Amino acid sequence: MPQENFDQTSATNLALNRTPANVAINRQPMLVVLHGPLLGKTFTIEQPVLTIGRSSQCDIQIEDDNVSRKHAEINFRDGLVWLTDLQSTNGSYVNSKRVSEIPLNDGDLVLIGRVLFKFIHSSLVENRFFGQMYSLATTDFLTGIANRQQIINLLEQEFNRARRYDRPLSVLIYDIDRFKEINDTYGHLAGDQMLIESSRIVKDHLRLEDHYGRLGGDEFLVICPETPVEHALALGKRIQVVLSKTDFLVKDKIVFFTISVGAAALSLKVASPDEFSLLADQALYRAKNAGRNQCAS
């Protein structure tokens with residue numbers, strides 16, 4: 001396993017120093033993700049057995065081709081926390097060494113697929129800190145939805161899942177028409193207000209299983225699992241119509257704006273998540289070229 005995957009975490013480890021061997025009773029064992037698509041996420045070890053793998057039945061699901069369906073498990077035994085590899089194809093690593101079963105100590109680095117965990121004992125206060133750290137790492141500071149890195153990670157996960165199980169998957173990319181003119185006319189604070197309020201409206205029209213994030217500026221991505229392109233396109237049209245009819249109060253003036261939407265569906269011709277999002281982006285520009293305030297696929 002490449003050593004650099006572990007070396008890259010040295011800065012993060014400064015904030016996660018080893019705790020004394022005689023850990024207080026009120027401190028709870030947990031795994032903190034230091035590297036990979038789940039960066040910053042924490043998993044408290046509470047049940048007697050906690051499973052890790054690609055299957056949706058696992059307690060910690062890692063959508064990664066390098067991870068077996070049931071890859072490893074964490075269990076309590078003899079007063080210790082043990083990691084057991086479940087005869088996975090690519091193995092489980094603790095501190096750079098492939099292991100079959102080993103007790104975990106504070107500060108141990110556990111690598112499963114491309115996800116690097118740190119095992120620690122944490123207090124309630126520290127749990128809250130890690131939760132805040134995860135939120136900061138994955139949330140767009142302005143709109144409160146997924147940030148660029150998080151929505152790209154989610155796209156990769158859904159792409160891999162849909163490809164593996166041959167399931168439908170569609171995406172929408174939209175942006176606000178002539179957003180620069182809005183900023184130039186009313187100011188950037190007014191533009192920010194429109195981004196905040198419009199993203200809230202869009203979020204209200206999505207399903208729980210959909211993913212929604214800001215790619216940057218006024219461009220947004222919606223990921224629709226288990227959805228054929230015609231249904232995603234219908235969703236895009238609903239959002240486009242709703243936003244076009246919404247009035248925004250800016251400096252005592254009522255302002256309307258429109259969006260253009262591009263939709264794309266996963267097919268065997270699509271080789272990667274980047275190529276998938278590019279298809280939706282190309283559809284977005286077709287909507288722009290056709291006169292804006294509409295959807296294209």
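Are there any strands (runs of 3 or more DSSP E) wholly within the range 50-117 with 1 or more residues that are β-branched (Val, Ile, Thr) and touching a residue at least 60 places away in the same chain (Cβ under 8 Å), and if so which? Let's see the steps before the verdict.
Working: elements: 72-77, 80-85, 92-94, 97-99, 101-103, 109-112.
Output list reads 109-112.
Residue-wise test of (1) open to solvent by less than 60 Å² (accessible area, probe 1.4 Å); (2) more than 15 Å from Ser260 (Cβ to Cβ).
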residue	(1), (2)
Ile151	yes, yes
Gln157	yes, yes
Asp166	no, yes
Asp177	yes, no
Asp184	no, yes
Leu206	yes, yes
Gly213	yes, yes
Phe220	yes, no
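From the list Lys251, Lys245, which one is over 22 Å from the mean Cα position of the chain (by Cα) and at positive phi?
Numbers: Lys245 fails: at positive phi.
So the residue among Lys251, Lys245 that is over 22 Å from the mean Cα position of the chain (by Cα) and at positive phi is Lys251.
Restricting the search to the range 104-120, which residues are farther than 19 Å from Ile62 by Cβ and open to solvent by 40 Å² or more (accessible area, probe 1.4 Å)?
Asn105, the sole residue that qualifies.
Any residue in the range 259-280 that's within 29 Å of Val241 (Cβ to Cβ) and of a type in the set (Ser, Thr, Tyr): show its pairings with residues that are in a loop (DSSP other than H, G, I, E, B) and open to solvent by 50 Å² or more (accessible area, probe 1.4 Å) at Cβ separation under 8 Å, as long as the two are six or more apart or on different chains.
Short answer, once both residue conditions are applied: Ser260/Arg292; Ser260/Asn293; Ser260/Gln294.
Report whether or not Gly291 is within 20 Å of Ala190 (Cα to Cα) and open to solvent by 30 Å² or more (accessible area, probe 1.4 Å). Break it down into steps so the answer makes sense when it comes.
Numbers: within 20 Å of Ala190 (Cα to Cα): no; open to solvent by 30 Å² or more (accessible area, probe 1.4 Å): yes.
Here the answer is no, as Gly291 does not meet what is asked.
Select from the range 42-80 the residues that are among the aliphatic types (A, V, I, L, M) and open to solvent by 10 Å² or more (accessible area, probe 1.4 Å) and write down the one among them that is farthest from Leu154 (Cα to Cα). Show your work before the answer.
So in the range 42-80, the residues among the aliphatic types (A, V, I, L, M) come out as 45, 49-50, 52, 60, 62, 67, 72, 74, 80.
From the residues that got through so far, the ones that are open to solvent by 10 Å² or more (accessible area, probe 1.4 Å) too are 49, 80.
On the way: Val49: 27, Leu80: 34 Å.
Going through the qualifying residues, I end up with Leu80.
What number goes with the only condition from (1) more than 26 Å from Asp65 (Cβ to Cβ); (2) buried (at least 19 other Cβ atoms within 10 Å of the Cβ); (3) in contact with a Gly (Cβ under 9 Å, 6 or more places away or on another chain) that Arg200 does not pass?
(2)
The values are calculated or read from the model by the stated rules, or taken from the named source; none is laboratory data. In this text, all values refer to a predicted model and were calculated from it rather than measured experimentally. Cβ: placed from backbone, ideal geometry, glycine included. Neighbour counts: every protein chain shown. What goes into the accessible areas is simple: the full protein's heavy atoms, side chains included, and nothing from ligands, DNA or RNA. Shrake-Rupley method; radii C 1.70, N 1.55, O 1.52, S 1.80 Å.
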